[in-house]
């Protein structure tokens, strides 16, 4: 029997509050709700905000507001900021590893590997920012005295349902390519293991990433995904974590002809060189014509 | 008497510590040269010695190549691209952190204004490493085949006009693609390359990946002719470029050359004149005209020539020549006595052949190497100052009547590096650009650079491109 005699602890730890990340701020859900998050073994870890449909709409407004600024940055500057995210994650490595280990029930060493891969993925996409145009763009040899040139441009606001089984690496693997191209995002964290997403939001908030470029919601997939998929001001939808809801959500997305990425696209999150596979769905191609002649 | 005089606004030298002497940087360490020969590097603005560096002998160059080969085989080429890239990101970050120190050092050793080293050279150097860092793990997407391979050891020789920037243009793509390098900086501007060697140490770049051998022409010849070089990259004069092309002929070495230029800056009658004047000024007086892609031939449409030249002279009268470390300085010192002599000789030839030169009344400091901004009018295509690269602040003005004549005159040169087109009509700009035989065409701007933008020449301005996706090709097989 443990000794149950009360004794004064030397110091009481300060616990973290896990909140939403909306427009660069960390509010609780407007609904005032939260839900308990447990480890893979069922141990209570924290209470996460239980976001509402209204939070989804607020997040879309924030993402739309951030779009002109973020897409208007030079590609080089976006790359620098993405690299800064990697730097900030490296500084919080222990925290990420602890959360990943608890969420996925893996050893500390394996969790460290996952964190490294997630950091490296930001570095990878940091390098893509100013190379996309050269890989996806072209000068087109049209038959006539015209200059004709095509360039990728960001689609706009993307809704992302983060993959459920990979709360850090999978999350980074779907989020990074979207903002690399200059889109802004509303991200719904995996319902069961949302804590790494909130910690990532805290890293993003200190990375020179403008507020609103990434908005992170935690809560019930079934509650948050339909209003996001049907929202008229969302331009693209990544269904990586949609699970059984995928078909229904794609149907909702059809209402405004969103660009939809179905689950299963390059979903080996540990693949180190995913190329432009996850960027391409989130860009439009713009072609400019101009006559040539004196 | 002006109403307001400029007060001196010098950038402090105290941010830089220059050692009295530097050794060679081989295999990750500063190491004494086998030769006793030393080279003194001067501040061209006051002719005071800054430091002395070793003149690497053939034996030193051998050691550098041996280190580079070892590093290539054992460390650098087996390393995954993503990890190579991280070293380059580190280097980019350290350059950003030490940018002001490097800018001051560059201005001291080269003579160019701090305004340019601080706002142009250094930001571009850091950006160049950052850009290429991102390619290191994406080479399969670069359009040069599914599994591009590095070539091996690159022998690189760079000029004195943009010492650290030219180093970045050479080293960043070579390293990103998995090659190792032996680099020789210019004889008169070795100091920022040696500071870069310290940065490689700070970044913990594996020993031997970057080797820096200082010296003069003899060292340069030993570097480019070294039997263990798989690739030679040279930026400098067309004369030396031809020598190098002869030297590698018959070998399996790959070669890229970025050589001289005699860029035409074409101003049509519908151009925005004030903008054009700014572009002409930056085209020829940027970096004292020590720019291979300088717009050294102004081709102006006859109907607006008089008005344009009046405004151009008024603008040039406002340029400030003097202390390179003064933040107000527009035109710094000429890099060396030898270069000053070359500029003087060509300017004298301009007068002798019948063109007429004009310079503003501008005070010239007593010590140091200086040449005032100069504009020659009445220049014909036969004049030496219209044909030969002066590599100084000297502009030759010619006129034209039709777009066809402008293009014909612009292309009437052995060179083909850069050109400018000033017009408010997009179709005319594109028509002109499509007919110019030059590797870079700037329209309604001049002398802008970006790591994402390929740079290099047609004809005797060299071959190969640096920067952008196209620049990677030079280092991949």
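Computed values, structure above
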| quantity | calculated |
| --- | --- |
| Relative packing of B:16-24, B:121-129, which averages over residues the other C-beta atoms within 10 Å, highest first | B:121-129, B:16-24 |
| Relative contact order of chain B, pairs being alpha-carbon contacts under 8 Å that are 6 or more residues apart, as % | 18 |
| Radius, Kirkwood style, for the protein assembly as shown when every pair of distinct Cα atoms is counted (Å) | 28.6 |
| Antiparallel DSSP beta bridges within the stretch B:264-443, as percent of all bridges there, nearest 5 | 10 |
| Bridge type composition, the stretch A:34-291 - antiparallel percent by DSSP, nearest 5 | 50 |
| Per-peptide average of other Cβ atoms within 10 Å, ordering B:64-76, B:176-188, A:138-150, B:426-438 highest first | B:176-188, B:64-76, B:426-438, A:138-150 |
| Distance cut-off 31 Å, percentage of C-alpha pairs in chain A lying past it | 29 |
| Share antiparallel - DSSP beta bridges, the protein assembly as shown, percent rounded to 5 | 40 |
| Peptide B:128-136, shielding by other chains (average Cβ, 10 Å cutoff) | 4 |
| Cα centroid separation - the stretch A:47-117 against the stretch B:291-363, whole Å | 53 |
| Taking the convex hull of Cα positions in the stretch B:297-336, its mean projected area over all directions (nm²) | 4.0 |
| Acute angle (nearest 10 degrees) that the helix A:221-230 long axis makes with the longest principal axis of chain A, alpha-carbon atoms | 20 |
| Kirkwood hydrodynamic radius (C-alpha pairs) into Stokes-Einstein, the stretch A:47-165, 25 °C and 0.890 mPa s, D in µm²/s | 138 |
| Relative contact order %, chain A, counting alpha carbon pairs below 8 Å whose residues are six or more apart | 24 |
| Mean projected area (nm²) of the alpha-carbon convex hull when the stretch B:128-274 is viewed from all directions | 12.2 |
| Cα gyration tensor category, rounded, prolate or oblate, for the stretch B:298-396 with a/c compared to 1.5 | oblate |
| Inter-probe distance in nm under a simple model that places probes 7 Å from Cα toward Cβ, at residue A:4 and residue A:54 | 4.3 |
| For the stretch B:125-166: rounded, prolate or oblate by the Cα gyration tensor [a/c cutoff 1.5] | oblate |
| Near-label residues of the stretch B:268-308 by backbone N, under 19 Å of a point 7 Å along Cα→Cβ of residue B:424 | B:268-280, B:300-308 |
| Simple spin-label estimate for residue B:119 and residue B:353 in nanometres, 7 Å along Cα-Cβ | 3.4 |
| Range of Cα positions in chain B per principal axis (Å), largest first | 65, 49, 37 |
| The stretch B:435-477-the stretch B:235-265 distance, computed between alpha-carbon centres (Å) | 15 |
| Residue mean of other protein chain beta carbons inside 10 Å, B:430-436 | 3 |
| Shielding by partners - mean other protein chain Cβ count within 10 Å, residues of A:66-76 | 1 |
| Principal-axis tilt of helix B:238-248 within chain B, Cα atoms, nearest 10 degrees | 30 |
| q = 0.09, 0.12, 0.15 Å⁻¹, the stretch B:264-443: log10 I(q)/I(0) [Debye, one scatterer per Cα] | -0.29, -0.52, -0.82 |
| 21 Å tail of the calculated P(r), the stretch A:165-294, as % of Cα pairs | 43 |
| Where only alpha carbons of the stretch B:139-199 are counted, the Rg and the Dmax (Å) | 13.3, 42 |
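Each reported figure results from applying straightforward, stated rules to the coordinates on display, with no laboratory input. Predicted, not measured: the structure shown is a model, and the values here were computed from it. Cβ: placed from backbone, ideal geometry, glycine included. Neighbour counts: every protein chain shown.
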